[in-house]
Each structure stands twice: as structure tokens, then as C-alpha cells.
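Working notes, beginning with the structure itself.
Read-outs throughout are calculated quantities, based only on the coordinates presented, and are distinct from any laboratory measurement. Everything quoted here is computed from the prediction, not taken from an experiment. All Cβ positions, glycine included, derive from the backbone under ideal geometry; neighbour counts span all protein chains shown.
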Amino acid sequence: MRPFALVLGGSLAISLLFLTLPVAAIFLDTSPAELWQSLGEEGALDALRLSLVCSTTSLALVVLFGTPSAWLLATRRFRGRALVITLVELPLVLPPAVAGIGLLAALGPQGVFGGAIGDRLVLTTAGVVCALTFVSAPFYMRQAQAAFEALDQTWLDASRTLGATEARTFARIAIPAAGPGLLAGIALAWGRALGEFGATLMFAGSFRGITQTVPLAIYERFGTDFTSALALSAVLVGVSAALLLSVKLLSGAGWLGGAAR
Amino acid sequence: MLRVEARATLGALALDVALTVDAGRCLALAGPSGAGKTSILRVAAGLLQPEAGVVACGEEVWLDTARGIDVPPERRGCGYVFQEYALFGHLRAWQNVAYPLTGLPRRARRERAQELLERFGIGALADARPRTLSGGERQRVALARALARGPRALLLDEPLSALDARTRAAAGRELGDVLRAAGVPALLVTHDFTEAALLGDEVAVVDGGRIVQRGDAARLAAEPASAFVADFTGAVVLTGVAHPIAGSATQVELDGGGVVTALDRATGPVAVSVYPWEIALAPEHAADPGSTRNHLTVEVVSITAVGNRVRVGLAAPQPLTAELSDAAVRELELRPGSRAVASWKAAATRLLPLTAHQTVSDKAS
């Protein structure tokens, strides 16, 4: 028993060290003064604003369309369901470069649907939202589907016998009861959208104030001004950590009733 | 009147039932787990679509597979009490009760829910979350919720099984009152025959997806149609091979030894059923114990007091149980390991088919 406890503790210590060292180093290498100064630099605040606006917009789209889709996949059995689920999850395993090429091929000026919408997406802020939505949606939909599938079926049955239609059952019972799971999905998708780099660069480019999100701004500074890149990284770490923490607090405090049984 | 007819294949179970319940009456569906009792409730509520079937309540047809009618559960208006009550954990007690009360302003819903909770004596718990309630309190919230919209039929799945033994008796009496007051047809599922007898005006014994016998509880106990029903109602069941003897009686050679006589007629493998309170015990070498025809030498295995009686577990060598008074047990100086003679009348002995759907007695002669 005791040697095994040592193996467990040792593994966790190594994992923790490896995972936290780079994050800690960002802060150790940046003084608060540098951090403050870098925020004042041209483009830094723009990038931060763009990152927040684009990621929340894409998150809203993902939740709006992803939640009913996930409910359908969780509650219906139909031919080709496994195929549909695989297609939904495919962006999870696609390299970002492939996602960018794919978006260009579909929605770019010379793309399949390019004639209609191409000029309005490529190299625009809307294009950034498009890229973020593409890469982050599967994170939310997977999690939401699992959360709906884990619901106590008798709650849903009870709701129906009490006179509620499926739509009302979905809104009043399923969503609040699956709340913690949905929030976890939101955290994952948001985190993925905030960090998105490759697909955005290829599809929307890196123009200050229009398509340059924080990861793209970091990459631009990386070649010229390492300290500034480091400071901007620290900001992104801070924002991401705050986000993860607030979602955990929300679901832990039973904000949605904490209905997980 | 509630009418339910359903045929469905559910995994290994072939459900095939037809039943009716009059308004104000409660039919208890009793049987072992996996017999298909809950599936019958789910068909009635519209939560399970049978391959073929009809569900009708009063004038309304809820399901008719032949005519393509299938009213969704939310429009059937069944009050369904689920086995573990299925209270919504993210809502307070009053919100659970108010959930079906749509189309009313919040204030009116709250007042109506409060009234219902008061009726069940738990008005003070209106703001409690389900997880903080005891089993008995949860059951009352679930009942109040099921009754909130004035259901057209009541469906209750093991309403007492989640309660501890002490709460159960009181909750059972209360539930009986509620069922009578509701004045609608009620179907109640239970695996416990005593509970079925207590709460049902009639009992239907369900086994293997079919109703094997239906009647009032006393009749089922007195005239079980099969070994399964006899065993389920609490009788001792022994197995053996029957052959007719003179005087229109039947002799059964018990598996493992011993012979008993019955007045039912049968040949071949049968189940012998007798109720524990029909069995008398006498010292092993006593004189002739009277007019009874059945005598088996038995060994006492266990002695358990149940209320003012004592259940004596016996090995003959097949297991059987005798129910005696406390005084009789003391007088006979019974204890585990001691030997005695168990006797009962041939007239108290029933011969039953070994499987539920075989016929016995008259046809066998």
C-alpha cells in the first residue's frame, strides 16, 4: 500500500511541476511594471478587446445552436446518429491549419460558398468569430450531450406526466438539471476560443484592431519584442484562469440549483 | 374507467396484459421484479409505446395502435408517483407541486401548492429542497404534485418501498385515504403481497409479463391458481409427484421424501401448497394426533417471533413453515435441531401446477 501511495504522490508532483512551470515562468519573467506598460502599448488593448468580443460572440452562437443539437443527440436514436456525432466531434482532432484551410475552401472568396459571403468573412472580425466557433463548438456540444445523457430519466418522464411538453421539459428541467455539465462545456469552449491561433491566422489574418486577437498579437511581438510578448501572455493567462475559476465557482455554488444528483 | 391493453417485447420479457379499473377503485399489480408491472404503468401514462394496444380513460382514447392514436403523456393527465418519487432536485418543495399548475400567476400557483402541502401536513416544508426531506416527506410532496392538476387516473409505482418500516404503515393508511378521496381509477405497483392487499381493492398478480390471477386479496390467498400465486401470497410450497388414490383423493410423493394427501385431483409433477397457520406441530413419538391425514417428521431449523405468533422454520427435508402461538412453542419445548411431527388436513392442502400457465386438478383425472 505504502509504495503505491508514493507512486501516486510522485506522479502527481511530476505532472504538476511540468504543467505549472511554464505558466509560473511567464509571471516570474514579467515584472508588474512591465505588464502594465505592455498593456498601454499600441494594439495590446485592442487585441484584448477583440479576443473578448470574438470569443463571447462565438460562445453565444455555440450555446444557442449547440444546446438543442446536443439535446437531440442525447435523447433520440436514429440511423446515422453515430456518424453525425463523429462529424460534430471531428474539429476536435483537426490540426488548426487544416481548419483554416477548410474554412477558406468553404467560405473564402474562391470557396464553395465564397460567391455569396466570402468577401464579408475573410480578413474581417466576423471571420475571426467564424474560426473560433468552428474550433470551439465541439468542446461544448460533446460536454452538453454527455450532461443531458446523464440526467435522471425519471425526472424527464415525471415532467411529461405533469403536463409539460418536451420543449418545456427541456427548458425547465433538463437545462437547469444539466447546468453544471453545461457550464463545464462553456468553460472548455471559451478557453479553446480564447487560445485559438492557427485557424484564425489563416482565415482571418492578423490585422491590428480588426482580426488580431491576443494569441496573434503575442506571435507578432514574439519576433521583435520578447518582453512585450511575455507580458501579453501573462494577461491571457490571467484572463483564462479567471474564467475557469468563475465557471467552477458558479457550478459549485449551485447557481443553477446544483441539480447534479 | 381506465382500460389498458398492451402487447410489447421488452428485452427478454413478453408483455401481454389487458385490464380495466373502475373510477374510485384501486387495482394493485403485484409480482416479482422484472415481471412487467412498471411497464404497464408506463404504457398507461404514454411513456412506453407498446407494439399493439389500447389505453382509454372514460370517454377518451389515449392510445389505439390499430387506429394510429397516441396521445402524448402531457395531454393524458395521469398523476404518476414514481418509485423514488422523481422530485426535481433544483426546485423547492412548493415549486415541485406548482410545476404542473401552468397558466396561473406565480402568486396563485404558490398559494395552490401551499394548500396541497398543508393537506398532506407538510405546509411548513414548502421552501425545502427535496434532498433535505425524509422519505415520508418526499412521498407526500410527490403525491401532492401528482394530484395538483386533478388527474384523470392515478399511477403509483412502489409508493411505499422507499420508506422505512415504521413510516410505512402510517403512509399506507394515508395513501389509502388519498386513493379513495381522489375518486379516479388507480393502478398501484408493488412487489409485496401484504401491501397489495392493504392498498388494492383488487389484486392482479403479474408474472412474466402476464396477469396470472386477479381477484380480491383474500380469494387469491385462499384459492391461488398456481404455485407462483400461492408462494407469492405467503403459502408453503412443496414439490412432488401426484397420483390418484381411492376416495377421490390424491397422494403426492414429495421430492426428498414424505407422502401427503390432498382432495384436489392431479397426476404427475405438482406443487403442494398449504398455509403456515394450517400446520400443527406435535412431539415426535406422540399418540395419533387426531383427524388430520398429513403427517411429516420434521426438524426445527429456526424459530422467529412475528407479533404475537411464532414462525417455526422446518425441514422435511423440503423447507416448510408453521405458524404457532407463543404458548404452543414453549409447551412443545421447540428449539433448532429438535424433531417433531407436522400435521395438517388433507382439505387444507392445495395441488397446483408447477408452472404458472399449466392447468391442474379436474382436467387431470
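By the count of neighbouring beta-carbon atoms within 10 Å, fewest first, A:MET141, A:MET202 end up ordered A:MET202, A:MET141. Ordering B:GLY34, B:ALA217, B:LEU188 by Cα displacement along the dipole of region B:2-222 toward the positive end leaves B:LEU188 in first place; charges were set at the Cβ atoms of Lys, Arg (+1) and Asp, Glu (-1). Is region B:1-88 rounded, prolate or oblate when judged by the Cα gyration tensor, a ≥ b ≥ c being the square roots of its eigenvalues, rounded requiring a/c under 1.5 and prolate requiring a/b larger than b/c? It is rounded, given that a/c, with a ≥ b ≥ c, falls under 1.5.
Centroid-to-centroid, using Cα positions, region B:37-70 and region A:75-114 are 42 Å apart.
Compared with the direct C-alpha span, the chain from A:LEU19 to A:ARG49 gains 8.0 nm at full extension, assuming 0.36 nm per residue. For region A:29-252, the square roots of the Cα gyration tensor eigenvalues, ordered a ≥ b ≥ c, give a/c of at least 1.5 with a/b no greater than b/c, which places it in the oblate category.
The separation of region B:122-173 from region A:141-169, counted between C-alpha centres, amounts to 22 Å. Label-to-label distance for A:VAL98 and B:LEU104 is 5.7 nm, based on points extended 7 Å past Cα in the beta-carbon direction.
Would you mind ranking A:PHE170, A:PHE4 by Cβ crowding within 10 Å, fewest neighbours first? The partial results should precede the final answer.
Values: A:PHE170 19, A:PHE4 8.
If I rank by nearby Cβ atoms, fewest first, I get A:PHE4, A:PHE170.
Each stretch of four or more DSSP H residues adds -39500 (n - 2.57); spread over every residue of chain B, this sum gives -6500 deg cm²/dmol at 222 nm. In a fully extended conformation the segment linking A:LEU39 and A:LEU64 would gain 5.7 nm over its present Cα-Cα distance, using 0.36 nm per residue. Computed on region B:210-260, with alpha-carbon pairs under 8 angstrom and 6+ residues apart, the relative contact order is 20 percent.
For chain A, the longest principal axis of the Cα atoms and the long axis of helix A:125-149 meet at an angle of about 40 degrees.
With respect to chain A, whose longest principal axis is taken over its alpha-carbon atoms, helix A:179-195 is tilted by about 20°.
Sketch the reach of a paramagnetic label on B:SER338 as a point 7 Å from Cα along Cα-to-Cβ, and name the residues of region B:255-294 whose backbone nitrogen lies under 17 Å away. So the set is B:280-287.
With R₀ fixed at 60 Å, the C-beta to C-beta distance from B:ARG67 to A:ASP225 puts the FRET efficiency at about 0.20.
A simple charge model with +1 on the Cβ of Lys and Arg, -1 on the Cβ of Asp and Glu and nothing else charged puts the dipole of the protein assembly as shown at about 1040 debye relative to its Cα centre.
Label region B:212-332 by shape, choosing from rounded, prolate and oblate, from the square roots a ≥ b ≥ c of the eigenvalues of the Cα gyration tensor; if a/c is under 1.5 it is rounded, and otherwise prolate applies when a/b is larger than b/c, oblate when it is not.
Numbers: a/c = 1.88, a/b = 1.20, b/c = 1.57.
Oblate is the answer for region B:212-332, as a/c is 1.5 or above yet b/c matches or exceeds a/b.
Counting neighbouring Cβ atoms within 10 Å and putting the fewest first, the residues B:VAL298, B:VAL341 line up as B:VAL341, B:VAL298. Think of the protein assembly as shown as a dipole: +1 on every Lys or Arg Cβ, -1 on every Asp or Glu Cβ, centred on the Cα centre; then among B:VAL259, B:LEU352, B:VAL178, B:VAL178 lies furthest on the positive end.
Using r as the Cβ-Cβ distance of A:LEU83 and B:GLU60, and R0 as 35 Å, what FRET efficiency do you calculate, to the nearest 0.05? Intermediate values should be presented prior to the final figure.
Values: r = 41 Å, r/R0 = 1.17.
About 0.30, to the nearest 0.05.
Per residue of peptide A:161-171, the mean number of Cβ atoms on other chains within 10 Å of the residue Cβ is 6. Reducing region B:174-235 and region B:316-351 to their Cα centroids gives an inter-centroid distance of 28 Å. Think of chain B as a dipole: +1 on every Lys or Arg Cβ, -1 on every Asp or Glu Cβ, centred on the Cα centre; then among B:LEU334, B:VAL312, B:ALA246, B:VAL312 lies furthest on the positive end.
Charges only on Cβ, +1 for Lys and Arg, -1 for Asp and Glu: so what's the dipole of region B:2-222 about the Cα centre, in debye to the nearest 20? Present the calculation step by step, with values, prior to reporting the outcome.
Numbers: 29 positive and 26 negative charges, 159 e Å.
Dipole of region B:2-222, to the nearest 20 debye: 760 debye.
Working note: Karplus 6.51/-1.76/1.60 with θ = phi - 60° gives region B:139-150 the couplings 4, 5, 4, 5, 5, 4, 5, 5, 8, 4, 9, x Hz, where Gly and Pro are set to x. When the trypsin sites (Lys or Arg not before Pro) in region B:43-81 are filtered for DSSP coil states and for at most 14 other beta-carbon atoms within 10 Å of their beta-carbon, the remaining sites are B:ARG67.
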